[in-house]
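The values are calculated or read from the model by the stated rules, or taken from the named source; none is laboratory data. In this text, all values refer to a predicted model and were calculated from it rather than measured experimentally. Cβ placement follows ideal geometry from the backbone for every residue including glycine, while neighbour counts extend to all protein chains displayed. Remember, those area values only see protein heavy atoms, side chains included, never the ligands or the DNA or RNA. Shrake-Rupley method; radii C 1.70, N 1.55, O 1.52, S 1.80 Å.
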Amino acid sequence: MKYYSLNNKSHKVSFQQAVVAGLAPDRGLYFPETITPLHDSFFANIENLSQKEIAYEAIKQFVGDEIPKAELKRIIAETLCFDFPCVLVEENVFSLELFHGPTMAFKDVGGRFMSRCLAYFNRDKDSKNTVLVATSGDTGGAVASGFLGVKNVEVIILYPSGKVSDIQERQLTTLGQNIKALEVDGFFDDCQDMVKKAFLDDGLKHKNLTSANSINIARWLPQMFYIFFAYQQLKKHNKPIILSCPSGNFGNICAGIIAKRLGLPIAHFVAATNANDTVPRFLEKGNYNPKPSIATISNAMDVGNPSNFIRIQELYNNNLSEFHNDFSSYSYTDTETENAITDIYNRTKYIAEPHGAIGYLGLKKEMTKQPNSVGVFLETAHPIKFLDTVEPLLGLKLPIPKQIESVLGKEKVRTKIKTYEEFKAFLNS
């Protein structure tokens, strides 16, 4: 399998080269040269397969022969060490809970998969890779957990000051060892811009930089695993499936579209966003016009210029009519989000957090257009991560899961920076 840069299709690299580099030299995101659909028999028999078997069949063509079969199966087994249940919320509406992993967020899958791929590629090397991560919430903690103690890998996490929850901040600032955190005076987009700029900086080439954001194919592609798992659980309903994804950097939903290109029978995708409505505006007017990010209670989606949307444009040939065939995007305010959390709980006793609530709203809107369907929205993080929002709204006290207890009370260790120059100096120190 070869990967090309979305800025220059003649620039092609291997899976390993794309993982290690993260971003192409021209700042383009890497994209698979071919996507070969899986055999019909795979989907006909999917309910009889284990999740590890499903994941292996889904990912193997994208890895090729660069990781041996047995090693790839080991990486998958270590990645998928927790459950991905579809929980019935109301009639024909399910929540795909992606928060049962070590940091209680969907990014545990990509973080664990990528860390193990990079560890395999570094197995006989003495040189060190520096992994850069910009996070608006859960990415930092998931990557920190996934890469903790990995040989010859140093992880630098950049997060916007005051714009992640206390628990999210603790998950990325308390681990120590090879994990370092930078608190940036700015927004997520500022963190992401610093990371992208560093890749092009000749003064940092000696650091062997790569990224563990979803711009990296080894972080992004395995996110399709749980889209397959959702289909496996919902197939028995014999109805068209609508999948709604709360969307920030659009890596999750982009991986879902890749799954559909592999043959997965998802009828429609909904990218549900908060006030950061770049993509809904694009679908309405046809102009992709990013704007500065806006802080909301669904902070992991506070992205004004989502990196992965260029991959989605590639999948749909940047053609609005192709988009509208099976892709919609809707935007919701904080007030609408809070009302949804309250309404869902009052009617069903299901506790949604702000991102999942937005996914629910987008799903319900699309289902009014396709009433003979079954819908699933992604619950991307545990409500405990947003207790300052959820507890007052619902008038309850959330129990602290064991994964969260392990970071409470630990000292936060981070370095505060304002500018790219300070970031570069930190990397070179």
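Give the number of residues within region 298-355 that are of a type in the set (Ser, Thr, Tyr), part of a helix (DSSP H, G or I) and in contact with a helix residue (DSSP H, G or I) (Cβ under 6 Å, 6 or more places away or on another chain).
Looking only at that region, the number is 3.
Within region 295-317, how many residues are aromatic (Phe, Trp, Tyr) and closer than 19 Å to LEU387 by Cβ?
0
Select from region 107-121 the residues that are open to solvent by less than 30 Å² (accessible area, probe 1.4 Å) and either over 25 Å from LYS197 (Cβ atoms) or out of contact with any strand residue (DSSP E or B) (no Cβ under 8 Å at 6 or more places or on another chain) (or both) and list them in ascending order.
Across region 107-121, the qualifying residues are LYS107, ASP108, VAL109, GLY110, GLY111, PHE113, MET114, CYS117, PHE121.
From the list THR333, THR337, pick out the single residue that is open to solvent by less than 40 Å² (accessible area, probe 1.4 Å), modelled with pLDDT of 95 or more, β-branched (Val, Ile, Thr) and under 22 Å from the mean Cα position of the chain (by Cα).
THR337
Only residues that are assigned to a loop (DSSP other than H, G, I, E, B) and closer than 23 Å to CYS81 by Cα: list them for region 212-245, please.
The answer is ALA212, ASN213, SER214, ASN216.
Any idea which residue in region 176-211 is surrounded by the fewest Cβ atoms within 10 Å (Cβ to Cβ), counting only those that are hydrophobic (A, V, I, L, M, F, W, C), over 19 Å from the mean Cα position of the chain (by Cα) and not in a strand (DSSP E or B)?
LEU200
Do you know which residues across region 156-199 are of a type in the set (A, V, I, L, M, F, W, C), out of contact with any Ser or Thr (no Cβ under 8 Å at 6 or more places or on another chain) and closer than 20 Å to PHE113 by Cβ?
Answer for region 156-199, where residues must be of a type in the set (A, V, I, L, M, F, W, C), out of contact with any Ser or Thr (no Cβ under 8 Å at 6 or more places or on another chain) and closer than 20 Å to PHE113 by Cβ: just ILE179.
Could you look through region 131-175, keep only residues that are in a loop (DSSP other than H, G, I, E, B) and open to solvent by less than 10 Å² (accessible area, probe 1.4 Å), and pick out the one that is modelled with the highest pLDDT?
THR135
Of the residues ILE266, ILE257, which single one is open to solvent by less than 10 Å² (accessible area, probe 1.4 Å), assigned to a loop (DSSP other than H, G, I, E, B), among the aliphatic types (A, V, I, L, M) and touching a strand residue (DSSP E or B) at 6+ places or on another chain (Cβ under 8 Å)?
ILE266
Out of all the residues in region 345-364, which are open to solvent by 30 Å² or more (accessible area, probe 1.4 Å) and in contact (Cβ under 8 Å) with a residue 40 or more places away in the chain?
If the condition is that a residue be open to solvent by 30 Å² or more (accessible area, probe 1.4 Å) and in contact (Cβ under 8 Å) with a residue 40 or more places away in the chain, then TYR345, ARG347, THR348, ILE351, LEU361, LYS364 are the ones that fit.
Can you find, within region 365-405, the residue that is least open to solvent (accessible area, probe 1.4 Å) among those that are part of a loop (DSSP other than H, G, I, E, B) and out of contact with any helix residue (DSSP H, G or I) (no Cβ under 9 Å at 6 or more places or on another chain)?
Restricting to residues being part of a loop (DSSP other than H, G, I, E, B) and out of contact with any helix residue (DSSP H, G or I) (no Cβ under 9 Å at 6 or more places or on another chain), the top hit is GLN370.
With LEU23, LEU38 as the choices, which residue is assigned to a loop (DSSP other than H, G, I, E, B), open to solvent by less than 30 Å² (accessible area, probe 1.4 Å) and either of a type in the set (Phe, Trp, Tyr) or in contact with a strand residue (DSSP E or B) (Cβ under 7 Å, 6 or more places away or on another chain) (or both)?
LEU23
From the set of residues in region 86-103 that are open to solvent by 10 Å² or more (accessible area, probe 1.4 Å) and part of a strand (DSSP E or B), which is nearest to GLU47 (Cα to Cα)?
Ranking the qualifying residues of region 86-103, first place goes to CYS86.
From LEU408, LEU398, LEU387, LEU394, which residue is touching an Asp or Glu at 6+ places or on another chain (Cβ under 7 Å) and aliphatic (A, V, I, L, M)?
None of the other options fit; the residue is LEU398.
Are there any pairs, at least 6 apart or on different chains, whose C-beta atoms fall under 7 Å, with the first in region 204-221 and over 18 Å from PHE31 (Cβ atoms) and free of Cβ contacts under 8 Å to residues at least 24 places away in the same chain and the second of a type in the set (Val, Ile, Thr) and in a helix (DSSP H, G or I), and if so, which?
none
Which of the following residues is touching a residue at least 12 places away in the same chain (Cβ under 8 Å) and in a loop (DSSP other than H, G, I, E, B): GLU66, GLU71, GLU57, GLU78?
GLU66
Looking at ALA230, ALA218, ALA272, which one is closer than 21 Å to ARG116 by Cβ and either surrounded by 23 or more Cβ atoms within 10 Å (Cβ to Cβ) or touching a Gly at 6+ places or on another chain (Cβ under 7 Å) (or both)?
Every option except ALA218 fails the conditions.
For region 1-20: of the residues being out of contact with any Lys or Arg (no Cβ under 9 Å at 6 or more places or on another chain) and part of a strand (DSSP E or B), which is most open to solvent (accessible area, probe 1.4 Å)?
Restricting to residues being out of contact with any Lys or Arg (no Cβ under 9 Å at 6 or more places or on another chain) and part of a strand (DSSP E or B), the top hit is LYS9.
Can you name the residue in region 283-295 that is within 21 Å of the chain's Cα centre (by Cα) and touching a residue at least 40 places away in the same chain (Cβ under 8 Å) and, of all such residues, is least open to solvent (accessible area, probe 1.4 Å)?
SER293
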